[in-house]
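Data block below; observations after.
The values are calculated or read from the model by the stated rules, or taken from the named source; none is laboratory data. Since we're looking at a predicted model, the values are computed, not measured. Don't worry about glycine lacking a Cβ; one is built from the backbone with ideal geometry, like all the others, and counts go over all protein chains shown.
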Amino acid sequence: MLHQSFPQIPSFETGFQIVRRLAHLARPKESLTVSQWAERHIKHYDPDALPFLAEIMDALSDPETCEVGDMGPAQGGKSTVGEAFICWSIEQDPAPFMVVQPDRLAMETFIKTRINPLVTGISVLKAQLAPSASADNMHVKLFRGMNLYSAWPVENHFRQRSICRGWLDDFDGFPTNAEGQIDIEGKGSAVGLLDGRMTTFKGRDTKLISSSPALGVNAGIEPFIAGGTDERLWPVCPSCGERFEIDLIRDLKFEKGEPELAAKSAHVVCPISGCVLLPEARHQLLASLKGLPNRGFIASRPEAGKYRRTFRRDGLLAFTPWGDLARQKRAAEIEWEARQDEGPLKDYYNVKAGRNYRSQMSGEKPVAAQELKARREKGWKLGTVPRGPVVLNLTVDVQHDRFECAVIGTGEARETWLVDRFAIHVLSDGLTALSPFVHKEHWKVLLPLFDRKYPLAEKGADGKPIGYASVMSVAVDTGGSDKKGDQARAGANFFWEAARALGIPANRITLVKGSSSPTRPLMGPAQFADQKIKGGAKRNSAKLWMPNVHMIKSLIDARLRRTTPGPGYIHMPGDLADEYLDEMTAEELEKGKWVQKRPRNETWDLLVYGEAAILKPPFAQSRNGMNWVLQVAPAFRIKWPEPAPHEAEVVQTEAASPSLEVMKNTAPRAQAARAPAGQKWIKSKRPGKWLDRRK
């Protein structure tokens, strides 16, 4: 043991060896712009795919630029720009960073599917991650020199955080106030709240606002873009060599007809020389941007300076092929032509074109009541059902002293008939005045409406109607007045429960509460009126439907403008009172919302409720035809009796067609004789019993 040798003690490091081992920590990093960093480190980023993305990225690393706006079509590289900005900040210039998504689910999805793979897959980022176990979680990631915060637009997420850089992604998906402006819980715009978190970093702060547009030209991303340099792409035409500002709505051409024909004939016309560019030219247009100043962007407002650089991108220079763009646009046009539904067109403009949609009715004068009066159909009387409607729906508008009612007939392609219009002022005793907002029991006067039958407009030889049509459903507005003491909701619940107690199916009752937000779905899912004590909805309670009334009113307005019967046309009986026609023109479209201009608008609202009743499941919903009636409500399909055989000869016209002559002079076809009861109706000439069931 005493003679055992000890291991040799290593010599101390010299100063030179220490410096050599740690010199890399003091070595200045290579200065890279955001696009250079992305090209070097992000594997899925291809600088040649969309060359103009590099210009937006580099604006984020420009010390003279504090605000960057990026508006364009969906799936057009906006997220790639933001991801590169985050990664560059972590490795090149660490500083506190906050990214905000429209809601919690979007935030969690973004972190799990986009940010986590980047941090774990790029070695220089993983090396910057703090070594502690709590450094990497859903809401905050700790890196050397910075924290990366993940949030969604609620007011408390903009507290107690000092931020140097921020990214508001999918900005037009943030919550809005009653005026349609982005507002975080009444505290103001998300841009303003983010700017308030950057006060201590002024001079180094940078914010990125990106989104596809959805809120109109006066809200959301578009006014932010318009307030900056508002730069747009000007590629070089591969045919004539001239530069032009590309515009999907103006430049994309195709043949009208079916969507597939539009896809096959899609092409772009150069607005400078009229050159026809086939879909293959898209790659040439993109390639031309690489050699141009600012990668093809030209500022519409150069006087805005570099403090806020904003970029407006077009859908023709995105990933979607031109044929697909043409197909989708033509399909949206067909929806508008057939149903006056602007939803698909709006989606196309926002998602594919990267621009806000301007309503087809924008700038048009309101429909004149005098024009509607001239369209009343002589010979058809109020309270009768002409040929055309397939089902009837009864709609009710609640007033403080009455129920205003209408019966709406719906036919193929949403052709509409105003079958009846009346008001209920007293209870069934004929004496007691109605007060629906105060006395919920007065709503029982609506129960007999489910049993109403309307005579068909044609009469038989005995002078009586040849048939009757029943009411399929009753739709009631639950909004009502704003006076103190109103009980519209309570009355509506009473009506629902009373109708259900009488055995009325739930599908025949539609309680409507119009939504004031122009961005809501056309007809979202119903909400249940009552809640359980332990939470959750009572499934047997009244259902409240909240349609987008602004969108439906635009549909009705477009249909009122149609001058020839057919899809979407609204028919009016010859004896419809002038006051009801005046009510149809009581509102005007202003800044995307319908505003009441006259005190009486009940008939207008009743037409809206009639469309809402058809839109809810299990009725038509998005279907344009009426075949669904046979599956959902066959008992309420309007049936016209077949004419008796002798009546075919009585039918005369001023100029008889050949078909009528043939009908009168042709003997009826002999009907095949039915086999007597009990005998087989199929007889085989083959031997054996091959028709018998096998055992």
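If the condition is being out of contact with any Asp or Glu (no Cβ under 8 Å at 6 or more places or on another chain) and loosely packed, with under 13 Cβ neighbours inside 10 Å, then the range 589-616 contributes Glu590, Pro599.
Taking the range 301-388 and the helices (runs of 4 or more DSSP H) fully enclosed by it, the elements with 2 or more residues that are more than 31 Å from the chain's Cα centre (by Cα), of a type outside the set (D, E, K, R) and under 30 Å from Thr416 (Cβ atoms) are at 369-374. When the range 245-277 is filtered for residues that are among the basic types (Lys, Arg) and either free of Cβ contacts under 8 Å to residues at least 40 places away in the same chain or not in a loop (DSSP other than H, G, I, E, B) (or both), the ones remaining, listed by number, are Arg250, Lys253, Lys264.
Number of residues in the range 71-111 that are assigned to a loop (DSSP other than H, G, I, E, B), in contact with a strand residue (DSSP E or B) (Cβ under 6 Å, 6 or more places away or on another chain) and either crowded, with 23+ Cβ neighbours inside 10 Å or among the aliphatic types (A, V, I, L, M) (or both) equals 1. Looking at this structure, is Asp401 farther than 30 Å from Ile334 by Cβ and surrounded by fewer than 17 Cβ atoms within 10 Å (Cβ to Cβ)? Yes, satisfied.
Checked across the range 518-529, the condition of being modelled with pLDDT under 85, hydroxyl-bearing (Ser, Thr, Tyr) and buried (at least 18 other Cβ atoms within 10 Å of the Cβ) holds for at least one residue. Among the residues of the range 405-451, just one is acidic (Asp, Glu), in a helix (DSSP H, G or I) and closer than 30 Å to Leu372 by Cβ, namely Glu412. Residue check: is Asp401 under 14 Å from Gly610 (Cα atoms) and in contact with a Leu (Cβ under 8 Å, 6 or more places away or on another chain)? Answer is no for this residue. Given the criteria closer than 19 Å to Gly77 by Cα, crowded, with 19+ Cβ neighbours inside 10 Å, modelled with pLDDT under 95 and of a type in the set (Phe, Trp, Tyr), does Tyr348 qualify? Judged against the criteria, Tyr348 is a match. Residues that are in contact (Cβ under 8 Å) with a residue 60 or more places away in the chain, of a type in the set (Lys, Arg) and over 21 Å from Arg562 (Cα atoms) within the range 399-427 comprise just one, Arg421.
Cβ-Cβ contacts under 6 Å between residues 6 or more apart (or on different chains), taken from a first residue in the range 602-629 that is in the same structural domain as Gly409 (by TED's automatic domain parsing) and within 16 Å of Glu415 (Cα to Cα) to a second residue that is among the basic types (Lys, Arg) and part of a helix (DSSP H, G or I), are listed as Val608/Lys553; Asn624/Arg339.
Taking each residue of the range 7-30 that is touching a residue at least 12 places away in the same chain (Cβ under 8 Å) and of a type outside the set (Val, Ile, Thr) and looking for partners that are part of a loop (DSSP other than H, G, I, E, B) and surrounded by 10 or more Cβ atoms within 10 Å (Cβ to Cβ) with beta-carbon atoms closer than 8 Å, six or more apart or interchain, yields Lys29/Gln92. Checked against (1) assigned by TED's automatic domain parsing to the domain that holds Val68; (2) at negative phi, Lys381 passes all but condition (1).
The number of residues in the range 588-615 that are at pLDDT below 90 and either within 20 Å of Pro389 (Cα to Cα) or of a type outside the set (S, T, N, Q) (or both) comes to 11. Are any of the residues in the range 130-140 under 22 Å from Met198 (Cβ atoms) and outside any helix (DSSP H, G or I)? Yes, the range 130-140 contains at least one residue that is under 22 Å from Met198 (Cβ atoms) and outside any helix (DSSP H, G or I).
Under 17 Å from Cys87 (Cα atoms), in the same structural domain as Trp88 (by TED's automatic domain parsing) and part of a strand (DSSP E or B), is that true of Leu118? Considered against the rule, which asks whether it is under 17 Å from Cys87 (Cα atoms), in the same structural domain as Trp88 (by TED's automatic domain parsing) and part of a strand (DSSP E or B), Leu118 comes out as no.
Conditions tested, residue by residue: (1) assigned by TED's automatic domain parsing to the domain that holds Leu560; (2) of a type in the set (D, E, K, R); (3) modelled with pLDDT under 95.
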residue: Ser359; (1), (2), (3): no, no, yes
residue: Val385; (1), (2), (3): yes, no, no
residue: Val390; (1), (2), (3): yes, no, no
residue: Gln399; (1), (2), (3): yes, no, yes
residue: Glu404; (1), (2), (3): yes, yes, no
residue: Asp420; (1), (2), (3): yes, yes, no
residue: Leu431; (1), (2), (3): yes, no, yes
residue: His439; (1), (2), (3): yes, no, yes
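Within the range 169-215, the set of residues being hydroxyl-bearing (Ser, Thr, Tyr), farther than 21 Å from Lys306 by Cα and within 25 Å of the chain's Cα centre (by Cα) comprises Thr176, Ser189, Ser212.
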